[in-house]
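To start, the structure itself, in structure tokens.
The values are calculated or read from the model by the stated rules, or taken from the named source; none is laboratory data. It should be emphasised that the depicted structure is a prediction, and the values quoted were computed from it without experimental measurement. Note: ideal-geometry Cβ built from the backbone for every residue, glycine included; neighbour counts use all protein chains shown.
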Amino acid sequence: MQNKKDIVDLTIVGGGLMSFTLAVLISEIYPDKKIKIIERLNRCGQESSNELNNAGTGHASYCELNYTPINKKGEVNIDKAIQINESFEKSLEFWAYLDTKYKSFNLKNFLKITPHISFVWGEENTNFLKKRFNVLKKQPLFKEMEFSSDAKVISKWAPLLFDGRNTKEKVAATKINHGTDINFSALINELFLILKTKKNFQIELDTEIKNIKFLKNETYNLIAKHKKNITKHEIHTKKLFIGAGGMSISLLHKMGVKEIKSYAGFPLSGKWLICKNKELIKKHSAKVYSQAFKNAPPMSIPHLDIRSIDNSPVLMFGPFAGITTKFLKNGSFMDFFKSIRPNNFYSLLYVAINNLGLLKYLISQSLMSKSSKIKQLKAFFPNTKNEDWVCKDAGIRVQIIKRGLDNKAKLEFGTEILFSNNNSLAGLIGASPGASTACFSMIQIIEKFYKDKLLDKKIKKIIPSYNLELNQEPLILKKIRTKTYKKLGLW
């Protein structure tokens with residue numbers, strides 16, 4: 001039984017940071033567009049955007065070593081690092097714009113200045129970090145990066161790293177002082193306060209999408225059901241964004257979107273070690289990343305982080321990866337099995353056969369005891385004690401599996417947006433760097449959705465660096481950063 005029908009310009013499925021960023025951007029550019037967000041939980045931002053379900057790092061490639069791999073020539077490839085850094089700059093500009101325009105938008109509720117440090121040990125890793133620094137230091141985006149192989153200097157940056165460490169061990173570190181710690185769940189709350197003031201915005205919580213059909217008049221018909229109601233209702237929408245985290249791949253398959261045909265999802269669970277010793281927490285004030293352990297997926301880059309959660313400092317280490325069949329923490333153990341289809345079965349099988357080392361690693365991580373986790377932590381913090389830490393679940397990441405140009409399937413560790421052939425539907429799939437590049441990713445969707453001759457001008461009012469490669473424009477970069485970083489308190 002259906003007794004209600006809504007007609008909107010844009011429907012957004014999923015109440016995470018990507019969805020709220022898209023909603024705010026469109027409400028700023030096209031204030032007359034009617035926007036509706038559908039969220040299956042009773043609160044938004046409780047999956048990947050939740051503060052314990054992600055790294056909390058404003059991913060800018062300052063400290064994440066997996067974004068600067070060594071190529072076949074033995075050179076450090078910085079292309080992805082530059083791309084991610086420029087994307088994050090757009091997010092910073094967007095938040096600075098909102099802070100200027102809206103009194104309700106409070107940067108201090110979600111963003112904290114936190115140095116980003118890369119720390120390595122051993123000759124091979126220290127040589128790599130030095131090489132990485134020498135390449136990045138020449139780039140305007142990374143001009144402020146510092147390097148040291150002096151234990152005394154690094155110990156001042158992050159004292160816990162040298163509590164009990166062999167002083168003869170070869171070490172190296174890089175540091176960026178204007179790094180950030182971001183509580184993405186708190187950021188969603190700030191964006192929600194803005195959207196609540198918009199007359200054309202609606203949100204439905206505790207509501208699931210039961211069916212989606214593409215109609216002949218180039219609109220979508222969604223059948224939605226509130227958890228507490230027997231009746232279902234219809235939503236007719238001109239544009240549709242699927243931002244349902246790990247479930248996006250399954251929803252796109254269910255709709256029969258041909259662009260998702262050979263894609264599959266590979267879910268990974270995670271766990272943190274959380275420090276409960278307040279004296280230790282006071283001694284650490286940075287985000288420290290290192291190299292991934294052998295056979296680990298890039299999302300498992302180990303880091304010892306200080307986080308701000310509910311305005312209190314939290315010291316955490318991890319993440320430790322694991323095997324799961326859920327696509328969401330609040331999902332079902334049948335999620336993975338329901339996602340298997342004839343057109344993606346080959347991709348799943350090919351990746352499984354060709355990534356046995358990864359599977360072995362995930363199994364071993366899933367079986368790790370707390371003592372084993374503490375042993376890995378000691379590589380960062382040698383004098384740590386078991387009783388100072390507790391284990392807590394992290395979020396679930398659904399990595400992309402897709403076929404390349406050679407028709408061979410591969411496991412992807414980035415974020416990707418799929419569009420329908422008429423550009424009225426967009427689906428966000430994948431994982432890190434995700435939330436940190438939300439603004440850049442959502443602008444790509446707006447460009448596809450709306451063919452507006454004045455769009456460039458409208459976006460530039462919000463994001464000054466729109467359509468610019470900041471690393472190629474050092475004078476413009478300096479001007480924009482000076483203004484933006486001053487507003488954000490980063491400089």
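Before moving on, here are some points about what is shown:
- Selection within the range 10-55 - β-branched (Val, Ile, Thr) and either under 15 Å from Gly245 (Cα atoms) or in contact with a strand residue (DSSP E or B) (Cβ under 8 Å, 6 or more places away or on another chain) (or both): Thr11, Ile12, Val13, Thr21, Ile26, Ile35, Ile37, Ile38
- Residue check, Glu169 more than 21 Å from Lys287 (Cα to Cα), outside any helix (DSSP H, G or I), at pLDDT below 95 and charged (D, E, K, R): yes
- Selection of the range 452-488 for residues being assigned to a loop (DSSP other than H, G, I, E, B), of a type in the set (A, V, I, L, M) and either on the phi > 0 side of the Ramachandran plot or under 25 Å from the mean Cα position of the chain (by Cα) (or both) yields Ile463, Leu468.
- Residues of the range 277-300 that turn out to be charged (D, E, K, R), in a loop (DSSP other than H, G, I, E, B) and either modelled with pLDDT of 95 or more or buried (at least 22 other Cβ atoms within 10 Å of the Cβ) (or both), as a count: 0
- Qualifying residue in the range 395-414 (condition: closer than 19 Å to Leu25 by Cα, surrounded by fewer than 20 Cβ atoms within 10 Å (Cβ to Cβ) and polar (S, T, N, Q)): no
- Taking the criterion of being assigned to a loop (DSSP other than H, G, I, E, B), among the aromatic types (Phe, Trp, Tyr) and either in contact with a His (Cβ under 9 Å, 6 or more places away or on another chain) or buried (at least 17 other Cβ atoms within 10 Å of the Cβ) (or both), the only residue of the range 309-339 that qualifies is Phe327.
- Any hit, the range 108-115, residues being more than 28 Å from Asp310 (Cβ to Cβ) and at pLDDT 95 or above: no
- Check on Leu348, closer than 24 Å to Gly179 by Cα, out of contact with any His (no Cβ under 6 Å at 6 or more places or on another chain) and surrounded by 15 or more Cβ atoms within 10 Å (Cβ to Cβ): no
- Filter result for the condition that a residue is surrounded by fewer than 23 Cβ atoms within 10 Å (Cβ to Cβ), touching a Ser or Thr at 6+ places or on another chain (Cβ under 7 Å) and without any contact (Cβ under 8 Å) to a residue 12 or more places away in the chain, over Asn71, Asn77: Asn77
- If you go through the range 22-67 and pick out every residue that is polar (S, T, N, Q) and outside any loop (DSSP other than H, G, I, E, B), you end up with 3.
- The single condition among (1) within 30 Å of Phe214 (Cα to Cα); (2) out of contact with any Phe, Trp or Tyr (no Cβ under 8 Å at 6 or more places or on another chain); (3) modelled with pLDDT under 90; (4) surrounded by 15 or more Cβ atoms within 10 Å (Cβ to Cβ) that Ser262 does not satisfy is (2).
- Any hit, the range 61-71, residues being of a type in the set (D, E, K, R), at pLDDT below 95 and within 27 Å of the chain's Cα centre (by Cα): yes
- Neighbours by Cβ (under 6 Å, 6+ apart or cross-chain): first from the range 19-46, touching a residue at least 60 places away in the same chain (Cβ under 8 Å) and of a type in the set (A, V, I, L, M); second crowded, with 21+ Cβ neighbours inside 10 Å and assigned to a loop (DSSP other than H, G, I, E, B): Ile37/Gly15
- Scanning the range 172-202 for residues that are crowded, with 20+ Cβ neighbours inside 10 Å and in a loop (DSSP other than H, G, I, E, B) yields Gly179, Asn183.
- Residue within the range 116-123 that is more than 28 Å from Met442 (Cα to Cα), buried (at least 23 other Cβ atoms within 10 Å of the Cβ) and aromatic (Phe, Trp, Tyr) present: yes
- Qualifying positions in the range 27-48 - touching a helix residue (DSSP H, G or I) at 6+ places or on another chain (Cβ under 8 Å), farther than 17 Å from Gly427 by Cβ and not charged (D, E, K, R): Ser27, Ile29, Ile35, Cys44, Gly45, Gln46
- Set side by side, the residues Ile223, Ile235, Ile212, Ile249 differ, and just one is under 27 Å from the mean Cα position of the chain (by Cα), at pLDDT 90 or above, assigned to a strand (DSSP E or B) and farther than 30 Å from Lys101 by Cα, which is Ile212.
- Total residues in the range 364-377, condition more than 27 Å from the chain's Cα centre (by Cα) and either aromatic (Phe, Trp, Tyr) or outside any helix (DSSP H, G or I) (or both): 1
- Any pair with Cβ under 6 angstrom, 6 or more apart, that starts in the range 417-442 at a residue that is under 16 Å from Lys80 (Cα atoms) and in contact (Cβ under 8 Å) with a residue 12 or more places away in the chain and ends at one that is crowded, with 19+ Cβ neighbours inside 10 Å and among the basic types (Lys, Arg): Ala431/Arg397; Phe440/Lys90
- When Asp150, Asp206 are checked against the criterion of being more than 28 Å from the chain's Cα centre (by Cα) and charged (D, E, K, R), Asp150 stands alone in meeting it.
- Residue match in the range 190-204 (condition: among the acidic types (Asp, Glu) and touching a Phe, Trp or Tyr at 6+ places or on another chain (Cβ under 8 Å)): yes
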